[in-house]
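Computed from the coordinates by the stated procedures, all read-outs in this text should not be read as laboratory data. Only a predicted model underlies this, so the values are computations on that prediction, with no experimental measurement involved. Don't worry about glycine lacking a Cβ; one is built from the backbone with ideal geometry, like all the others, and counts go over all protein chains shown.
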């Protein structure tokens, strides 16, 4: 029995090098739609998005982070925001945006694209809002860079499962 | 071209009613493994897990939330924690646990199981830690209830994509 979803989860890697091929706007919207189908507390769906392919805007955003080369080299960016007016619980709303972004990364992979979740730029989130002219009623959660991956092998490591499971409290059987 | 991952993302629903069939411990571990392959800032992997199938423990946990009937009726629970010592940025670590939980929900679905992300119980997280004898170096993030779904249709709604996309800043083309 094949398990395409598990396979996608295990083989997904952060992609930081893209070729010059542009990303179809329909694919960007599909990625955002996948994000929007994440669960959220009380189904409040606090996420909002800005899609960016404009070179000058990307260049200004690149100047806000030490990972500027990734942003400059990516044909498309999706800025993910939390709509302040929709917040009901900060921890849960931040978790929900994480679930949303994970859907987006998996969706990108399935569309034959690569993506990386950029968080360091949150240090300059006010500047980001100013550059893309988004009001302070939206709190930047991440920028996802998207493009066609340069072909190379990408490794990644995870802790042993045994070290992540604190304990198992199982029914006698 | 089929898109099994997108299909899973769009058809996944919160499942709150389970039949009596127990969940294999291997499946619970696979769900946790899928969670552990989420991305995290600096790859810090701050998530930890407790697997629970013991009836008495479930019963005590059920008393901590108004969704006790879901917990009591679920053959298995996975408590998801943030390891306090691994925290590097609260917002990003909460987002990472959200990404982790979304992987878990998608994995459960693919394994033929149903699951629901329970957050209201965080109001009594100290009591939860006490019941399952987990130290305060672990911060409860959610409990995921898992089981074989009772067969019924489950609807869900999302906002229109157009209302979630604040703007598109596109290259002239």
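For residue B:44, the label point sits 7 Å beyond Cα toward Cβ; its separations from the matching points on the remaining copies run 2.4 nm, from shortest to longest. Per-residue ellipticity at 222 nm from helix content only, as computed over chain A with -39500 (n - 2.57) for each DSSP H run of at least four residues, stands at -11000 deg cm²/dmol. Neighbouring Cβ atoms from other chains, within 10 Å of the Cβ of residues in B:110-117, number 3 on average. Take the Cα of residue B:69, go 7 Å toward its beta carbon, and the backbone nitrogen atoms of the range B:1-29 under 18 Å from that spot belong to B:14-20.
A Förster radius of 41 Å combined with the Cβ-Cβ distance from residue B:21 to residue A:154 puts the calculated FRET efficiency at roughly 0.60.
So if we plug the beta-carbon distance of residue A:43 and residue A:2 into 1/(1 + (r/R0)^6) with R0 = 25 Å, what FRET efficiency do we get, rounded to 0.05? Walk me through the numbers before you get to the answer.
Numbers: r = 31 Å, r/R0 = 1.25.
Efficiency, from the Cβ-Cβ distance: 0.20.
On a per residue basis, the convex hull of the C-alpha atoms belonging to the range A:39-97 measures out at 101 Å³. For the range A:7-164, the relative contact order works out to 35 percent when only alpha carbon pairs closer than 8 Å and six or more residues apart are counted. Computed from the Cβ-Cβ distance with R0 of 25 Å, the FRET efficiency linking residue A:120 to residue B:84 stands at 0.65.
With the label put 7 angstrom out from Cα along the Cα-to-Cβ vector, residue A:72 ends up 6.2 nm from the copy partners, going from closest to farthest.
Mind telling me which of A:66, A:158, A:124 comes out most flexible in a GNM of chain A, alpha-carbon contacts under 10 Å? Of A:66, A:158, A:124, the Gaussian network model singles out A:158 as fluctuating most. For the protein assembly as shown, report the translational diffusion coefficient in µm²/s to the nearest whole number, using Stokes-Einstein at 37 °C, 0.692 mPa s, and a Kirkwood Rh over Cα pairs. In µm²/s, the coefficient rounds to 161.
Helix B:25-36 and the long axis of chain B differ in direction by around 40°, with both axes built from C-alpha atoms. Modelled spin labels at residue A:56 and residue B:170, positioned 7 Å past Cα toward Cβ, are 1.8 nm from each other. When chain B is turned about an axis onto chain A, which of its residues keeps its C-beta closest to that axis, and how many Å is it? Taking the axis that maps B onto A, the answer comes out as B:98, 1. For the range A:1-123, a/c is not less than 1.5, where a ≥ b ≥ c are the root eigenvalues of the C-alpha gyration tensor, and a/b does not top b/c. That puts it in the oblate class. Just check the range B:107-173 against the gyration tensor rule for me: Cα atoms, a ≥ b ≥ c as the square roots of the eigenvalues, rounded for a/c under 1.5, and otherwise prolate or oblate depending on whether a/b exceeds b/c. The shape class here is oblate. Annotation: peptides B:37-43, A:112-118, A:91-97, ranked by per-residue average of other Cβ atoms within 10 Å with the highest first, follow the order A:91-97, A:112-118, B:37-43. Starting from the label point of residue A:156 at 7 Å along Cα→Cβ, the same points in the other copies fall at 2.2 nm, in ascending order.
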